[in-house]
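Enquirer: Mind looking over this structure? Questions follow.
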Amino acid sequence: MHYLLLAVTVALVGCIDTFEPETGPLLVSPCENVDSNPDVEVSFRVDIKEGILERPEINCVRCHTPGGETPIGLEATGFDVSNRTTLLRGGSNTGTGIVIPGQPCESILVQKVGPAPPLGSRMPLAGPPFLSDLDQQLVRDWIAEGARDN
């Protein structure tokens with residue numbers, strides 16, 4: 001009886017790799033801390049602030065600036081996107097982890113505008129529409145380039 005139990009145990013130990021769940025292919029490419037197009041400089045003022053944060057259909061400034069139409073995001077978390085300095089300061093939930101220059105994958109801003117934020121709701125809260133893939137890439141590239149005030 002002991003030999004039979006030992007034989008079954010040894011056989012099962014050899015098969016442990018076969019018990020891995022089948023997960024299928026990746027649906028999203030893993031994040032990389034690199035600029036997707038180093039030949040093109042992303043401008044904070046033109047591409048990020050005016051091109052995304054202030055764009056009417058995205059309208060981050062409505063909730064995250066002192067003069068916003070419904071500044072609930074600013075009131076609830078202190079996160080202010082009025083300018084680069086206040087944006088990098090982050091809010092009560094994120095602190096300076098909101099944007100880590102050179103590290104878009106670790107920056108909470110990138111995660112919050114993506115499909116599965118680590119905390120709270122995906123932004124913009126009133127979405128859809130959410131940021132397009134191109135807009136999300138611009139944010140990642142701006143951060144990868146050092147999140148400059150340009």
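Enquirer: If A116 satisfies every condition in (1) of a type in the set (A, V, I, L, M, F, W, C); (2) open to solvent by 70 Å² or more (accessible area, probe 1.4 Å); (3) assigned to a loop (DSSP other than H, G, I, E, B); (4) more than 17 Å from T94 (Cβ to Cβ) but one, which is the exception?
Expert: The failed condition is (4).
Enquirer: Pairs under 9 Å by beta carbon, first residue over 16 Å from R148 (Cβ atoms) and in contact (Cβ under 8 Å) with a residue 40 or more places away in the chain in the stretch 82-100, partner open to solvent by less than 40 Å² (accessible area, probe 1.4 Å) and hydroxyl-bearing (S, T, Y), six or more apart or different chains?
Expert: The qualifying pairs do not exist here.
Enquirer: Related question: Can you go through G51, G91 and tell me which one is at pLDDT 95 or above, in a loop (DSSP other than H, G, I, E, B), out of contact with any Leu (no Cβ under 6 Å at 6 or more places or on another chain) and closer than 20 Å to R140 by Cα?
Expert: Working: G51 fails: in a loop (DSSP other than H, G, I, E, B).
Of G51, G91, the one residue that is at pLDDT 95 or above, in a loop (DSSP other than H, G, I, E, B), out of contact with any Leu (no Cβ under 6 Å at 6 or more places or on another chain) and closer than 20 Å to R140 by Cα is G91.
Enquirer: Pairs please, first residue from the stretch 57-69 and closer than 13 Å to L87 by Cβ, second anywhere and open to solvent by 30 Å² or more (accessible area, probe 1.4 Å) and among the hydroxyl-bearing types (S, T, Y), Cβ atoms under 9 Å, 6+ apart in sequence or on different chains.
Expert: Hits for this filter: V61/S82; H64/T77; H64/S82; T65/S82.
Enquirer: Further question: So which residues in the stretch 60-84 are more than 20 Å from Q136 (Cα to Cα) and out of contact with any His (no Cβ under 8 Å at 6 or more places or on another chain)?
Expert: T65, P66, G67, G68, E69, T70, I72, E75, A76, T77, G78
Enquirer: Working only within the stretch 123-138, note down all residues that are open to solvent by less than 60 Å² (accessible area, probe 1.4 Å) and either of a type in the set (D, E, K, R) or within 9 Å of the chain's Cα centre (by Cα) (or both).
Expert: Result: D135, Q136.
Enquirer: Here is a further query. So which residues in the stretch 54-83 are in a helix (DSSP H, G or I) and surrounded by fewer than 18 Cβ atoms within 10 Å (Cβ to Cβ), if there are any at all?
Expert: Those that are in a helix (DSSP H, G or I) and surrounded by fewer than 18 Cβ atoms within 10 Å (Cβ to Cβ): I72, E75, A76, T77.
Enquirer: For the stretch 27-43, give me each residue that is within 17 Å of the chain's Cα centre (by Cα) and touching a residue at least 24 places away in the same chain (Cβ under 8 Å).
Expert: V28, C31, E32, N33, V34, D35, S36
The values are calculated or read from the model by the stated rules, or taken from the named source; none is laboratory data. It should be emphasised that the depicted structure is a prediction, and the values quoted were computed from it without experimental measurement. Cβ sites come from the backbone with ideal geometry, for glycine too, and all protein chains shown count toward neighbours. Ligands, DNA and RNA are excluded from the accessible area calculation, which covers all protein heavy atoms including side chains. Shrake-Rupley method; radii C 1.70, N 1.55, O 1.52, S 1.80 Å.
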